[in-house]
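Here is the structure we will look at.
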Amino acid sequence: MQVLLNGDPHSLEQDYTIEELIGNLDIDGKFAVEINQNIIPRSQYSSTQLKPGDNIEIVQAIGGG
Amino acid sequence: MPDVKQDELIVAGTTYSSRLLVGTGKYKDLIETQNAIETSGAQIVTVAIRRTNIGQNKNEPNLLEVISPDQYTILPNTAGCYDAESAIRTCKLARELLDDHDLVKLEVLGDEKTLYPDIPATLEAAEKLIKENFKVMVYTTDDPVMAKRFEELGCVAVMPLAAPIGSGLGIRNPYNIRTIVENASVPILVDAGVGTASDAAIAMELGCDGVLMNTAIAEAKNPILMASAMKKAIESGREAYLAGRMPRRAYASASSPIDGRFF
């Protein structure tokens, strides 16, 4: 299925959870996840299944003033 | 001599011995960021919230590994937001990212050339964030009426600009900054516009509770040395403010006695 991941089209297996997505992306450090502009608490990563067309944003802290 | 060590900054109930707040942008690399921040003695450090680089720079360390939330109060900003909605969204992501951390630096910009804040949008965002239990440190213009309005709304600190962000033009309107300080019962921090150590000292001499800066340190030829200079300037300015400066006079006043002259 197709989703939008940080603004870019991304192909995923059907029925992926956020936890599985994160595991495959190999992301370091602290991050937060939003799907269709709703924040997904860390405790719900394993129970939240992604759907075709989901708009996923994964953000982190970077240098800024 | 009064114990200046007892003179601490309190923001949202937390006590800080340093009155210098620093940003983490524009540094050459994370090592320089870390060194500059350590040297500055800052305890509150701003960060921006942006998309994670997926599949790129895998070996690049994460900012929060270098500037640890265990050691510093991390202050996520809403830099780059031009409307209330994106600022609120950024704050909510930051709160999740930083494990329910609720202290944020709110800035809602209105113009790319000056990076001046959009005040109506900032008010709207501040009101909604406060309702959602965020502790808002707000970036605003050096307008005493607006500064008071933000305080009345419940912002935990009001942060007027001294000059446009990244301009290094120094305190453009010291009289407004002083008026804002006089009116305030929350901390007033100059945020943006400081270019060099004397600017920081002037802000503190005006009675500001602290100064937040980024470019003045990061864009110095030697950022680590400038971080050290800024630390001293903030301390000097604060001590001078507490000491109470002499009155200004139009004409000279001899330092040596007139009496007892033998000539």
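The values are calculated or read from the model by the stated rules, or taken from the named source; none is laboratory data. Keep in mind it's a predicted model, so treat the numbers as computed, not measured. Heads up, the Cβs are rebuilt from the backbone with ideal geometry, glycines too, and the neighbour counts pull from every protein chain shown. Side chains included, ligands, DNA and RNA excluded: accessible areas come from the protein's heavy atoms. Shrake-Rupley method; radii C 1.70, N 1.55, O 1.52, S 1.80 Å.
Couple of notes before you dig in:
- Dipole size of chain B about its Cα centre, with +1 on Lys/Arg Cβ and -1 on Asp/Glu Cβ: approximately 660 debye, rounded to the nearest 20.
- Interface size, chains A and B: roughly 2500 Å² of accessible area buried, both sides included, 1.4 Å probe, rounded to the nearest 100.
- Backbone HN-Hα couplings from phi across segment B:180-186 [Karplus 6.51/-1.76/1.60, Hz, Gly and Pro as x]: 4, 4, 4, 7, 8, 10, 10
- Using a Förster distance of 45 Å, the FRET efficiency for residue B:254-residue B:183 (Cβ separation, nearest 0.05): 0.75
- Once the chain from residue B:169 to residue B:99 is taken as fully extended at 0.36 nm per residue, the excess over their C-alpha distance is 21.5 nm.
- Whichever lysines have a C-alpha closer than 18 Å to that of residue A:30, once near sequence neighbours (fewer than 8 apart) are set aside: B:58, B:92
- Neighbour-limited loop hits for trypsin sites (Lys or Arg not before Pro), segment B:223-263 (at most 16 other Cβ within 10 Å; DSSP other than H, G, I, E, B): B:245, B:248, B:249, B:261
- Amide H contacts for residue B:191 (H built 1.01 Å from N in the peptide plane; partners 5 or more residues away or on another chain; cut-off under 5 Å): B:161, B:162, B:212.
- When restricted to Cα atoms, segment A:2-60 yields an Rg and a Dmax of 10.3, 27 Å, respectively.
- Atom-type composition of the exposed protein surface of segment B:45-96 places 38 percent of the accessible area on carbon and sulfur (1.4 angstrom probe).
- Along chain B, longest interval not containing exposed GluC sites (Glu not before Pro), exposed being DSSP loop plus at most 16 other Cβ atoms within 10 Å: B:9-111
- Whole-Hz ³J(HN,Hα) from phi, Karplus 6.51 cos²θ - 1.76 cosθ + 1.60, for segment B:230-235, glycine and proline x: 5, 4, 5, 4, 5, 5
- Each helix, a run of at least 4 DSSP H residues, gives -39500 (n - 2.57); summed and divided by the residues of the protein assembly as shown, these come to -9500 deg cm²/dmol at 222 nm.
- Modelled label reach - residue A:51, point 7 Å along Cα→Cβ, segment A:3-23 residues with backbone N closer than 20 Å: A:3-22
- Whole-number percent relative contact order across segment A:2-60, with pairs defined as alpha carbons under 8 Å at least 6 apart: 50 percent
- Karplus-based coupling profile of segment B:37-49, in residue order and whole Hz: 5, 4, 5, 5, x, 5, 10, 10, 10, 8, 9, 9, 10, with θ = phi - 60° in 6.51 cos²θ - 1.76 cosθ + 1.60 and x standing for Gly or Pro.
- The shape of the protein assembly as shown can be summarised by an equivalent ellipsoid whose semi-axes, obtained from the alpha carbon gyration tensor, come to 43, 21, 16 Å from longest to shortest.
- Among beta bridges that DSSP assigns inside chain B, antiparallel share in %, nearest 5: 15 percent
- Distant-in-sequence amide H partners of residue B:52 (H built 1.01 Å from N, under 5 Å): A:58, A:59, A:60
- Solvent exposure, largest accessible area first (probe 1.4 Å, DNA, RNA and ligands not counted), of B:194, B:186: B:186, B:194
- Crossing angle, helix B:119-131 versus chain B [Cα axis fit, 0-90 degrees, rounded to tens]: 70 degrees
- Once you reduce segment B:114-177 and segment B:203-263 to the center of their Cα atoms, the two points are 25 Å from each other.
- Working from label points 7 Å from Cα in the Cα-to-Cβ sense, the residue B:242 to residue B:143 distance is 3.5 nm.
- Sequence-distant residues sharing a close amide H with residue A:48 (under 5 Å, placed H): A:18, A:19
- Whole-number percent relative contact order across segment B:148-263, with pairs defined as alpha carbons under 8 Å at least 6 apart: 22 percent
- Heavy-atom accessible surface of segment B:125-221, averaged per residue, reaches 37 Å², computed with a 1.4 Å probe.
- Among the protein heavy atoms of segment B:2-44, carbon and sulfur supply 47% of the accessible surface, probe 1.4 Å, non-protein parts ignored.
- Note on chain B: Rg/Rh from Cα positions, Kirkwood definition for Rh, rounded to two decimals, is 1.03.
- The residues of segment A:2-60 present an accessible area of 53 Å² per residue when probed at 1.4 Å with all protein chains retained.
- Computed from label points 7 Å out along Cα-Cβ, the spacing between residue A:25 and residue B:198 is 4.9 nm.
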